[in-house]
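Taken together, the values in this text are just the output of simple stated rules run on the coordinates, not laboratory data. Everything numeric in this text was worked out from a predicted model, so none of it was measured. We place every Cβ from the backbone using ideal geometry, glycine too, and count neighbours over all the protein chains shown.
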């Protein structure tokens, strides 16, 4: 156990404690380890709390030149859960990885990502961009002909955006986003990132 509150940033994660048998996450920030531990058992709270037992961790990964840490652990019915966060203090990264490697005897290795894994998030972004551009193109044509079919509050906002851009504007914006994602895909595949990986023995 490390008697320290790690200041982190993630989805519904603002603080973290490495306890005796588990990692504790809270959406609320705390100034001290004691304050965190005193608040943990309280049932009436606005904070979102999650705990991951060390024995349930499958892997801990972090790209060497990236801030995000990804913890993959066992979930319900054989499924896997993931917790993603980044440390707000650079020194905490080393303390975190050292604890798992030296205290909990996790095996640390350096892995070069495969081309697909290196570019996967940008491939998804490119796919969404293409789909959104095609949709926006045909919707812009329909709106120009007075045949738009989008309804609802969010739909009205989308209609205004498409009407403002017009057919050419939709194509230009879509092309710019597609070029951005394509460049990122090329760059990530050409220079595949290295990743630190911690796994239990």
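Springs between Cα atoms under 10 Å define the GNM used for the chain, and in it the highest mean-square fluctuation of 26, 59, 187 occurs at 187. The angle between the Cα long axis of helix 153-190 and the longest principal axis of the Cα atoms of the chain comes to about 60 degrees, rounded to the nearest 10.
How high is the relative contact order of the chain? Use alpha-carbon pairs under 8 Å, at least six apart in sequence, and give a whole percent.
23 percent.
Helix 115-144 sits at what angle to the longest principal axis of the chain, using alpha carbons and giving 0 to 90 degrees rounded to 10? The angle comes out near 30 degrees.
Result for the chain in a Gaussian network model with C-alpha springs under 10 Å: among 18, 123, 165, the largest mean-square fluctuation is at 165.
Express the relative contact order of segment 67-165 as a whole percentage, based on alpha carbon pairs under 8 Å and six or more residues apart in sequence.
13 percent
Each label was represented as a point 7 Å from its Cα along the Cα-to-Cβ direction; for residue 120 and residue 161 these points are 2.7 nm apart. Working from Cα pairs under 8 Å separated by at least six residues, relative contact order for segment 44-89 is 27 percent.
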